[in-house]
Amino acid sequence: MSWKTKIVVAENEDAYYACLDASTHPDPDKTTTFERDYQPLEDQIAKLLTKEFNAPVASFSFFDDWCPNRTRHVTCESRFLNPRVVQRIHDLLQDEYQYWRIELIVVGSIEKDDRQGAIAVSEEWLLCEGAGRSLCPTQ
């Protein structure tokens, strides 16, 4: 499969978060249906990391709620991340999840929370900075 998604590289963490904030798709309804809908996607991400990429549950953690902007933040140890993981997460963001985003915060260790970079994945684009740059699939 050829990679057709736009890749945006931020020069630093501040620029990264400015771009991420500017690209937010707010949830206009904020309905309980919306909250119920995100659980299958979250389960798929956890299964992807543990089953397909052998990441122990202790090597990643979800934080923040999907509401109100359809973004889920996942902190994950860098040794379990690679361009294939990003491609598979991107593949999940189709159809009913087309306006949703997954942000992978790259750390060396969950215990130390030593942020090394990040990559945000949406159906339309990837936004990366720091160690997140090495996770972009080749074009």
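The values are calculated or read from the model by the stated rules, or taken from the named source; none is laboratory data. Keep in mind it's a predicted model, so treat the numbers as computed, not measured. Note that each Cβ is placed from the backbone with ideal geometry, even for glycine, and that neighbours are counted across all protein chains shown.
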Next on the checklist: When the residues of segment 108-125 are narrowed to those that are out of contact with any Gly (no Cβ under 6 Å at 6 or more places or on another chain) and crowded, with 23+ Cβ neighbours inside 10 Å, which ends up farthest from H90 (Cα to Cα)?
Outcome noted: A120
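Of all residues in segment 92-102, which are of a type in the set (A, V, I, L, M, F, W, C) and either at pLDDT below 85 or part of a helix (DSSP H, G or I) (or both)?
L92
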Checklist outcome for this item: Filter segment 28-38 for residues that are part of a helix (DSSP H, G or I) and over 15 Å from the mean Cα position of the chain (by Cα); the one that is modelled with the highest pLDDT is D37
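Any residue at all in segment 56-68 that's surrounded by fewer than 16 Cβ atoms within 10 Å (Cβ to Cβ), hydrophobic (A, V, I, L, M, F, W, C) and assigned to a helix (DSSP H, G or I)?
At the first step, the residues of segment 56-68 found to be surrounded by fewer than 16 Cβ atoms within 10 Å (Cβ to Cβ) are 56-58, 61-65, 67-68.
Now narrow it down to the ones that are hydrophobic (A, V, I, L, M, F, W, C): 57-58, 62-63, 67.
Of the ones still in play, those that are also assigned to a helix (DSSP H, G or I) are 57-58.
Scanning segment 56-68, I find at least one residue that is surrounded by fewer than 16 Cβ atoms within 10 Å (Cβ to Cβ), hydrophobic (A, V, I, L, M, F, W, C) and assigned to a helix (DSSP H, G or I), so the answer is yes.
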Checklist outcome for this item: Per the list (1) at pLDDT 85 or above; (2) more than 20 Å from Y17 (Cβ to Cβ), residue check on L126 breaks on (2)
Checklist entry - Applying the selection to segment 75-91, what residues are more than 11 Å from the chain's Cα centre (by Cα), surrounded by 17 or more Cβ atoms within 10 Å (Cβ to Cβ) and assigned to a helix (DSSP H, G or I)? => result S78
Item to check | Filter result for the condition that a residue is more than 14 Å from the chain's Cα centre (by Cα) and part of a loop (DSSP other than H, G, I, E, B), over K51, K112, K47 | outcome: K112
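How many residues does segment 65-77 hold that are out of contact with any Leu (no Cβ under 9 Å at 6 or more places or on another chain) and modelled with pLDDT of 90 or more? Before you say what the answer is, go through the steps one by one.
Our first condition is that a residue be out of contact with any Leu (no Cβ under 9 Å at 6 or more places or on another chain); within segment 65-77, this holds for 65, 67-70, 77.
Filter once more, keeping what is modelled with pLDDT of 90 or more: 77.
So the count comes out to 1.
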